[in-house]
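These notes concern the structure reproduced below.
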Amino acid sequence: MMGMDTTLTHNELDYFDSKMSQAQKALEEENDLEKKAILDMAIDNALAFSGQVRLGFTEWDAQNEGINIRDRQMAENVTWYLNHFPERKIIIWTANFHGAKQINQINYGKEPDPDLYNKYVLCGEHLEKAFPGQLYSLAFTSGGGSEGYFYATDSTAIVPDSTSMEFQLRQRCMEYGFCDLSQRKDWTDMAFNSIILGYDCKPGKWAQVFDGVFYLKENHKAHLVQE
């Protein structure tokens, strides 16, 4: 769907959804419960993505509504896995953004929608509600370096604002560090500035958003390893 040169019509998406629903109904006759569960979840994922495609990927409001659909479905997948394998402990690797447990505690503060973070319920928040007290969300941040897509040649320098936590840590010449925010109950309502989300400085009550922060003096974008 994302790779097509032409835009899918709503009729085409309706057809896709109807076929997925037919497949899901047909699964009711499946006797292999493991196969049934896996395929049922796969179809749910396909329908969720179809919902995102319907919204489109270019309009501001549609993009942001699509983020909520995506994050809810990400959490559904993790919940499905843990419900089927309750004895497991798992590690989920996401961007800091998706791991936020209460992103509305951070001030987005940019146009065209300064209150944007009040509109999101992200994967981390869904999982915290589903498994209260069992989720540890760890954010990564840095005092410099560069960021960019691994498949692109260009990159952007990371320059923390002078009011940010990262700037202060870099001034102390720290190479790396870890802060367990979950153990600092006195920081719960304390607001400070950080570039954890998007590399630009945002104020907020970060101890309500993440359980811990891992700091690196410099972060650099990933690159392909050539054999």
Residue that is nearest to His10 (Cα to Cα), among those in segment 56-66 that are modelled with pLDDT under 85 and not polar (S, T, N, Q): Gly56
Single match in Lys89, Lys119 (criterion: out of contact with any strand residue (DSSP E or B) (no Cβ under 8 Å at 6 or more places or on another chain) and under 21 Å from Val209 (Cβ atoms)): Lys119
Residues satisfying the stated conditions in segment 93-115, i.e. in contact with a strand residue (DSSP E or B) (Cβ under 6 Å, 6 or more places away or on another chain) and either at pLDDT below 95 or hydrophobic (A, V, I, L, M, F, W, C) (or both): Ile106
Test: Glu111 is assigned to a loop (DSSP other than H, G, I, E, B), out of contact with any His (no Cβ under 7 Å at 6 or more places or on another chain) and farther than 30 Å from Val225 by Cβ: yes
In segment 157-210, the residues that are of a type in the set (A, V, I, L, M) and more than 16 Å from Phe140 (Cα to Cα): Ala157, Met190, Ala191
Residues that are surrounded by fewer than 16 Cβ atoms within 10 Å (Cβ to Cβ), β-branched (Val, Ile, Thr) and within 20 Å of Ala207 (Cβ to Cβ), drawn from segment 85-113: Thr94
Residue list for segment 129-157, filter: within 20 Å of the chain's Cα centre (by Cα), under 18 Å from Tyr199 (Cβ atoms) and part of a loop (DSSP other than H, G, I, E, B): Gly148, Tyr149, Phe150
Selection count, segment 158-178, where residues are outside any helix (DSSP H, G or I), in contact with a strand residue (DSSP E or B) (Cβ under 7 Å, 6 or more places away or on another chain) and either surrounded by 18 or more Cβ atoms within 10 Å (Cβ to Cβ) or basic (Lys, Arg) (or both): 2
Residue satisfying condition, being among the acidic types (Asp, Glu) and within 16 Å of the chain's Cα centre (by Cα), within set Asp189, Asp200, Asp211, Asp161: Asp211
Selection status of Phe167, without any contact (Cβ under 8 Å) to a residue 40 or more places away in the chain and touching an Asp or Glu at 6+ places or on another chain (Cβ under 7 Å): yes
Identity of the residue in segment 92-104, over 10 Å from the mean Cα position of the chain (by Cα) and polar (S, T, N, Q), that ends up farthest from Val213 (Cα to Cα): Asn104
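The values are calculated or read from the model by the stated rules, or taken from the named source; none is laboratory data. Remember, predicted model here, so these are calculated numbers, not experimental data. Ideal geometry is used to build each Cβ from the backbone, glycine not excepted, and the neighbour counts take in all protein chains shown.
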